[in-house]
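Since the structure comes first, as structure tokens, the remarks are kept for the end.
Computed from the coordinates by the stated procedures, all read-outs in this text should not be read as laboratory data. Keep in mind that this is a model prediction, so the values were computed, not measured. Neighbour counts run over all protein chains shown; Cβ positions are idealised from the backbone, glycine included.
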Amino acid sequence: MSQVDDASTAAMERVNWTETSPQTLYNKLQTLAGNLWWSWHPEVLSLFRDLDPVRWRQLDHNPIALLAEMSPEVVAKRAGEMVMYTRINQAHRRLKDYLDDMHSTWGGQNAGVLGSKPVAYFSAEFGIHESVPIYSGGLGVLSGDHIKSASGLGVPLVAIGLFYDQGYFKQHLDSDGYQQQEYLNTKVENLPMEAATGPDGKPITVSIDTRDGRLLAKVWLMHVGRVRLYLLDCDVEGNSPQDRELTARLYGGDRRTRIRQELVLGVGGVKALRSLGITPGCFHLNEGHSAFAPLEVIRARMEEDGLGFDDALREVAQHTVFTTHTPVPAGHDRFDPGLVEEHLGPLRDQLGISHEQLMGLGRVEPQNEHESFCMTVIGLKLSRRANAVSSLHGYVSRRMWAHLWPWRVEEEIPIGHITNGVHVPSWIAHPMQQLFERQLGASWRLQLEEPSVWGKVYAIDPGELWETHHALKSRLLEFVRRRLSRQCRRRNEDEASIEAARSALDPSALTIGFARRFATYKRADLFLRKLDEIAELINDPQRPVQFIFSGKAHPADEGGKSFIKKIANLRRDPRFAGRVVFIEDYDINVARHLVQGVDVWLNNPRRPLEASGTSGMKVVLNGGLNCSILDGWWAEAFNGRNGFAIGNGTQHVDDGITDERDAENLFRVLSEEVVPTFYHRDADGLPSQWIQMMIESIATLASRFSSHRMVVDYVRHSYVPAAGGLSSQMP
Ligand SMILES: *Cc1c(COP(=O)(O)O)cnc(C)c1O
């Protein structure tokens with residue numbers, strides 16, 4: 001900043017300070033805290049942090065909870081000390097300008113047909129920020145990134161989900177390394193939500209009839225930039241005590257809980273939209289959880305337009321888009337006929353179809369009484385447009401569901417693909433963002449989907465890129481040490497362990513991160529098959545390697561929990577102590593630190609079970625390199641120069657043989673490619689080949705795997721055609 005700028009900012013600051021009352025200032029901060037837009041704007045986020053950095057951290061970075069602890073006077077005093085008045089006023093104005101300006105956005109220009117009839121985007125979870133615990137993992141973070149990009153692009157879209165007041169779960173490990181789950185009671189008043197109201201200004205309640213009585217849900221409204229996210233919540237008077245707990249936990253409970261949650265999400269969600277006076281032009285079912293929704297839309301069409309069931313189904317399917325997310329068979333929700341009849345029976349009566357007909361919609365072979373009701377099948381049958389989430393996953397899904405269209409050859413199975421992406425402003429570290437702005441021009445922020453903007457990365461100064469990466473790596477190690485010592489304290493370990501935790505890891509060692517759900521197909525334990533060899537790599541005095549692990553196992557997944565235990569307990573082995581660490585309670589906050597600071601991101605799922613994977617995309621934005629099995633997104637991303645591939649993209653029919661080969665390939669890639677490239681330094685002491693790979697990775701992948709590109713694809717290939725605009729073919 002020049003001296004003139006400094007002087008004028010200081011002058012403005014004085015004016016602001018004297019003219020803004022504490023209450024006005026406080027109100028502006030509350031307005032900012034009330035729209036999750038702040039969560040992807042580092043300048044706004046830092047306003048809250050600067051108010052009280054310690055409490056900010058302790059409160060899970062929740063600005064509403066933070067402000068609730070402070071009076072307007074205390075806030076004003078602190079803002080004065082920290083020279084924040086101007087920044088607060090500017091942020092407040094920016095938010096207002098952002099919300100007012102829909103027309104000049106990409107969506108304003110390209111998604112006109114959706115203007116009065118928005119997309120209704122249904123998802124069982126939304127991962128927007130760590131302070132809003134209504135997500136468990138990748139699917140939720142993807143939904144959050146999707147709606148943030150829809151907001152940024154100005155695509156008319158409303159989102160529908162469930163409000164879980166106990167969230168997923170908080171994880172910690174006991175002294176044996178065994179995962180313990182703890183459920184929190186989220187304070188509603190600390191979340192950026194309000195009761196959603198209808199056109200008459202009254203709060204909305206929806207009711208859904210089952211054979212077993214009526215289920216009620218209230219509706220919350222959360223603002224995510226320009227997008228409205230509506231969350232249904234069964235904790236209302238009038239529901240039985242059991243039903244009041246129905247939406248308490250994400251992915252908890254038995255099959256009956258699950259189908260009831262999905263009934264509320266799908267059927268309740270459509271009813272909520274109607275009460276809100278919203279008429280969507282397109283329904284996007286993000287995964288099968290919400291696939292009952294079209295049934296309620298069909299019912300309404302029959303009632304309003306006098307259509308028969310088949311005609312209404314055809315019409316509704318035309319407006320429905322379905323995204324399937326998993327090639328793992330257990331990942332597809334299935335229900336027995338009894339549960340289906342109990343919950344969909346009254347709706348079925350109104351649709352005028354038999355129990356067998358309804359069951360048939362959820363079966364590959366409609367008449368097969370031994371087949372249970374599958375949410376993916378009904379999703380595919382009730383949507384004209386369906387897609388998988390990567391190119392490879394497209395092939396796998398077409399093969400997997402080919403018997404739904406027995407008269408078609410595999411290539412003509414109507415499931416395309418739109419590869420997932422991540423929301424760049426949410427995942428890129430602020431220093432990296434500043435570096436790009438300096439080197440690529442301030443406009444890159446507005447053109448995240450524009451490959452030519454990212455192409456300029458080739459001109460970046462390698463030394464500066466390396467320095468920025470290093471600063472981020474140090475920040476990660478600080479975070480890890482703080483977390484490790486906290487973990488030791490909670491387990492009541494002695495002072496020596498706490499001290500060891502404080503000095504764990506080496507800032508100059510090659511640092512490999514592995515964090516994701518501990519689903520068994522992700523094979524977090526793969527490296528254990530080559531433990532002795534890996535121990536040698538780790539302890540190489542000249543070229544040391546270290547690993548940071550994190551991730552939760554589903555509470556019912558004992559296999560996943562045993563992987564966690566094995567990895568966490570490596571700390572007791574002197575070969576691994578302080579060099580292989582496990583960070584408890586993986587969430588968006590932990591993920592952000594990891595993806596922004598690691599040198600290498602390791603991903604070794606059993607091919608082809610990783611539909612896409614998104615964490616590696618977040619790493620790209622921050623200059624980390626991916627080392628991955630050629631599965632999901634990496635199968636289409638890897639070009640030989642922008643990261644590392646484990647294996648050659650094949651698998652054996654025998655899983656045991658596949659695992660053994662992949663473990664060998666993993667070790668070979670690490671020892672023969674990753675380690676030598678990382679430690680090869682040029683005359684200036686820089687790992688020049690490595691930095692070239694970082695640049696190649698950013699230049700070739702950042703825009704392709706951004707959620708802006710993804711949402712643009714959905715608009716062009718799915719939303720606009722579904723809403724009745726001009727069609728364009730999905731890849
Ligand atoms: C990005 C993210 C995921 C998804 O990671 P995958 O690579 O798809 O397994 C899961 N959890 C959190 C908290 C994330 O941020």
*In angstroms, what radius of gyration and Dmax does the stretch 206-245 have, counting Cα atoms only?*
12.5, 40
*Once phi is turned into θ = phi - 60°, what whole-Hz ³J(HN,Hα) does the Karplus curve with 6.51, -1.76 and 1.60 give for every residue of the stretch 119-126, x standing for Gly and Pro?*
6, 9, 9, 9, 8, 6, 8, 9
*Only Lys, Arg, Asp and Glu count, each charged at its Cβ (+1, +1, -1, -1), so figure out the dipole size of the chain about its Cα centre, rounded to 20 debye.*
620
*Quote the FRET efficiency, to the nearest 0.05, computed for Lys187 versus Thr24 with a Förster distance R0 of 25 Å and r equal to the Cβ-Cβ distance.*
0.45
_Using only the Cα atoms of the chain, what semi-axes does the equivalent ellipsoid have when each is the square root of 5 times a gyration tensor eigenvalue? Give whole Å, largest first._
39, 33, 26
*May I ask for the distance between the Cα centers of the stretch 286-363 and the stretch 475-521, given as a whole number of Å?*
47
_Restricting to DSSP loop positions (anything but H, G, I, E, B) with no more than 11 other Cβ atoms inside 10 Å of their own Cβ, which chymotrypsin sites (Phe, Trp or Tyr not before Pro) remain in the stretch 368-415?_
Trp407
*Sort out for me the Cα centre separation of the stretch 415-469 from the stretch 538-568, rounded to whole Å.*
30
*Which entries in Lys28/Lys148; Lys170/Lys530; Lys170/Lys566; Lys187/Lys618 show an alpha-carbon gap greater than 24 Å?*
Lys170/Lys530; Lys187/Lys618
*Subtract the Cα-Cα distance of Asp101 and His355 from 0.36 nm times their separation in residues, and report this length gain in nm to one decimal.*
86.5 nm
*asked:* Give me, ordered by chain and number, the residues 5 or more places off Leu184 or on other chains with an amide H under 5 Å from its own placed amide H.
replied: Lys170
*asked:* Among Phe373, Gln357, His393, which residue has its Cα furthest toward the positive end of the charge dipole of the stretch 348-400, with +1 on Lys/Arg Cβ and -1 on Asp/Glu Cβ?
replied: His393
*asked:* Could you tell me how far the Cα centroid of the stretch 225-279 sits from the Cα centroid of the stretch 625-639, in Å?
replied: 37
_the stretch 679-727: chymotrypsin sites (Phe, Trp or Tyr not before Pro) in DSSP loop, at most 16 other beta carbons within 10 Å_ = none
_Give me, ordered by chain and number, the residues 5 or more places off Thr320 or on other chains with an amide H under 5 Å from its own placed amide H._
Phe283, Arg384, Arg385
*Would you kindly derive the ³J(HN,Hα) couplings of the stretch 511-522 from the backbone phi angles with the Karplus curve 6.51 cos²θ - 1.76 cosθ + 1.60 (θ = phi - 60°), listing them in order in whole Hz, with x for Gly and Pro?*
10, 10, x, 9, 8, 4, 4, 8, 6, 4, 5, 7
*Rounded to whole Hz and in sequence order, give me ³J(HN,Hα) for the stretch 280-289 from the Karplus expression 6.51 cos²θ - 1.76 cosθ + 1.60, θ = phi - 60°, writing x for Gly and Pro.*
x, x, 7, 10, 10, 8, 8, 6, x, 3
_Amide hydrogen neighbours beyond the local backbone of Asp461, cut-off 5 Å, H modeled_ = none
